[in-house]
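For reference, the structure is listed below as C-alpha cells.
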Amino acid sequence: MDMLIGGKHISGDDLVDVTNPYNGDIIDTVPIAHRQTADLAISEANGAKDSLQEMSAFKVSNKLFDVCEKLKQDREDFAHLLSLEVGKPIAESLVELDRSIETLKLAAEEAKRIYGETVPLDAGLNGKGFFAFTQKVPLGVVAAITPFNYPLNLTIHKIAPAIACKNTVIVKPPTEAPLTVMKFCELLNEEFPDGVVNTVTGYGSEVGDYLVTSPDVNKISFTGSVTTGLMISQKAGMKKVTLELGGNDPLVVLADADIDNAVRGVINGAFLNAGQVCMGVKRIIVDEEIADEFGEKLVLETEKLVMGNPLDSTTTLGTLINEKAAIQVENTVNNAVEEGAKILTGGNRDGAFYQATVIDNVSQDMDLVVNETFGPVAPIIRVKGVGEAIEAANNTEYGLQAGVYTNDYYSAMKCANEIEAGTVFINKQSTFRTDNMPFGGFKNSGVGKEGIKYAVEEMTKTKLIGLNLR
Ligand code: NAP
C-alpha cells in the first residue's frame, strides 16, 4: 500500500513486507520512507492548515460524521485486514472497529464544543475595565505515532480529535501493522482537503525520530513503549507532547471478593489480544486466604480458551505480533519458573502462538512482573490483607490502570485512594475503557490524557483576548 501525502499516493524504492503472524504469508508491502519523504509530509501538512482552519466547526463535524458512516459500511473489511496484520481473533477485531466508529463519532460531536471562557480580569490587581475571553486555538501540525496492538482505534484517538480542533496530521503507523490505519486515512482524505491527513511509513527510529525533532511539527501524540516515549520526551524540544506508554496493571482480589467475578476479570484482562494490551492485567495480587480456590477456578476458565486461526469466529486466543515476541514471553516465563514460580496451566509456545498461561507463587522481584510482559500470562502474587495488596500494586514503575475486587466499602475506598494509577476500577478489571473517559497513566505510564475531550485540550493552545473598555 502506498503512503498518502498531500492527497497523492507516494511509493518508494525500499519496501518492507507486512506479514500475517498466523501463517507467515505476506499480506502487502509498504514503503520504507526516509527523511526527505517525512519532510514532504511536514510541508504538505503545514500547507493544508489554512484550508482546514477556514472550515466552520459545523462542516468539520459533518465531515467527521461522514467518515464515520463510511467506516461503518466497511466495518467487516477493516476487521478482516486487522486480524490478518495483527493476528487478533476476528471477534476482537470487530470490537476494535466498533470502538473506532464510536471514537470517531465522539470527535465529530466534540468538534462543535471547542469553547473558550470569559475571564474576569477585574478580579486581579489593576484589571478593572477589561472584557476578556479565551479562545482554543489549534496547534498546527500534529504527528501521531502509534503501536501495533490496537493500531486503528489508538490512531483514531489521535487523528480524530486533532482534526476536530482543526490541526492537520501526519501519521506514522507501526511498521508491523500499518495497513488498517493507511486504509482509514484514505477514507479521511476523501472528505477533507489534500494534506489535512498524511501517512508516512518506515522505521520509527528514522522517520519517527525526524518528526519528533522537526521544528515544523507542533505536537507529538505518541502511544507505545516507555523506552521510545522517554527518547521522544528528551528530543521533542519545545513542542507539546502526549505520551501514552506501557502498563503493568494490577488486578487485586481481596479475601471477601466475588471470586467468579474476579476470575472473569482475569480472563478478559490478561488474555485479550493475546495479552498485548497496555492496560492488560499483568499482575494478579490475591489474598492468600482465597488464593488456592481462585487459582483452581482461573485454571478451569483459562483452559476453555480456543487457540487458532484468527479469522475463525470460534478462536478466542490469536497469535502474538510475531514469533520473536512469543519467544520473549516464553523466556520470561521460563526464567520465573527457574526462580521458583509454578505454572498451573499453559507455558508452551508454537511459532507466534503462546498458550494462555497461569503461573502461581510469583514473587515481586521476578522479571515477569517487574517489567511489562506483553503476552497471555496471568502471574499470581500472594499477599496478606489490603495493606500488603496496595503495597504490591504500587510496587512498579508503571501506573496506567488498576482493578480491585472487593465488596467491602472500606477496602474499596482505601484501594481507590492509595493505588497510584490513572484509573482505579472497583469490581472491574483494568482493561475496561470507554472512549470518552480521561485515559492516561501516572508514573512511567505516560504524560497527558486521551479520550476525545481530553485529547482536544492537549491539541489546542489557549489565547486570551482582552478589550480595554475604559
Ligand atoms: P514501540 O516500539 O514504542 O513503537 C511504537 C511506535 O513508535 C511505532 O510506530 C514505532 O515505529 C515508533 N518508534 C520507534 N522508535 C521510535 C523513535 N525513536 N522515534 C519515534 N518513533 C519511534 O511500541 P510497540 O512495541 O509498537 O507497542 C507496545 C507498547 O505500547 C507497550 O509498551 C504497550 O503497553 C504500549 N501501549 C500503550 C498504550 C497506552 O495507551 N498507554 C496503548 C497501546 C500500547 P516502528 O514500528 O517502525 O518501530
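The values are calculated or read from the model by the stated rules, or taken from the named source; none is laboratory data. Worth saying up front: this structure is predicted, and the values here are computed from it rather than measured. Methodologically, a virtual Cβ is constructed for each residue, glycine included, from the backbone with ideal geometry; neighbour enumeration extends over all protein chains shown.
Points worth noting:
- The listed residue being assigned to a strand (DSSP E or B), more than 14 Å from the ligand (Cβ to nearest atom), buried (at least 16 other Cβ atoms within 10 Å of the Cβ) and at pLDDT 95 or above, out of Ile465, Ile381, Ile390: Ile381
- Check on Gly422, over 30 Å from Phe130 (Cβ atoms) and among the small types (Gly, Ala, Ser): yes
- Test: residue in the range 423-440 that is among the small types (Gly, Ala, Ser) and not assigned by TED's automatic domain parsing to the domain that holds Val333: yes
- The C-beta contact set for the range 234-253 (first residue more than 20 Å from Asn394 (Cβ to Cβ) and in contact (Cβ under 8 Å) with a residue 12 or more places away in the chain, second residue more than 14 Å from the ligand (Cβ to nearest atom) and not in a strand (DSSP E or B), distance under 6 angstrom, 6+ apart or interchain) comprises Lys239/Asn218.
- Boolean, Glu176 is closer than 30 Å to Lys72 by Cα and either within 13 Å of the ligand (Cβ to nearest atom) or surrounded by fewer than 17 Cβ atoms within 10 Å (Cβ to Cβ) (or both): yes
- Residue count, the range 197-217 (criterion: part of a loop (DSSP other than H, G, I, E, B), within 17 Å of Thr168 (Cβ to Cβ) and within 8 Å of the ligand (Cβ to nearest atom)): 0
- Filter pass, Asn309 being among the polar types (S, T, N, Q) and under 24 Å from the mean Cα position of the chain (by Cα): no
- Residue in the range 107-154 that is farthest from the ligand (Cβ to nearest atom), counting only those that are assigned to a helix (DSSP H, G or I) and out of contact with any helix residue (DSSP H, G or I) (no Cβ under 6 Å at 6 or more places or on another chain): Asp122
- Verdict on Glu190 being in contact with a helix residue (DSSP H, G or I) (Cβ under 8 Å, 6 or more places away or on another chain) and either in a strand (DSSP E or B) or within 12 Å of the ligand (Cβ to nearest atom) (or both): no
- Residues in the range 218-249 that are assigned to a loop (DSSP other than H, G, I, E, B), more than 8 Å from the ligand (Cβ to nearest atom) and either buried (at least 24 other Cβ atoms within 10 Å of the Cβ) or polar (S, T, N, Q) (or both): Asn218, Asn248.
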